[in-house]
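Contents: one structure, followed by commentary.
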Amino acid sequence: MLRRALALIAGCQGVCSYDDLARELGVSQALAEQLVADLLRSGCLRMATDECAVEGCTSCPLHTSCGLPGGVRLLQLTDKGRRWLARTGEIDARG
C-alpha cells in the first residue's frame, strides 16, 4: 500500500489532499495521513515547503498551475522514492 500511495502522490506531482489519497486507496483519511508520514520518515518523500518559504512560488515547477493557498504542504519524491517506483515499474527513475 505504501508503494501505491507513493505512486499516486507522484502522479499528482505532490499536490493532492489526504481526502483524495484516502479515496483513491480506499482507506480512511487517518490511514492516508499515516502512509504519508511513513513515506516521509522512510525518505521516499520530502516536504517541499522549505523551498517555497525560501525561494517563493516563481521557482516552483507548478507555479503556473498551482492555485493552493499559502501554508499548504507540498510533497516531493526523493531520489530514493523515484528509484523504488522505477524498480516496480511505476515511473521512470529519471523523474
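Coordinate-derived values only; no laboratory data. All values reported here derive from a predicted model rather than from experimental measurement. Cβ placement follows ideal geometry from the backbone for every residue including glycine, while neighbour counts extend to all protein chains displayed.
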Local net charge near L25, Cβ-Cβ under 12 Å (Lys/Arg +1, Asp/Glu -1)
-1
Residue separation times 0.36 nm, minus the C-alpha to C-alpha distance between S42 and D19: what's the value?
6.1 nm
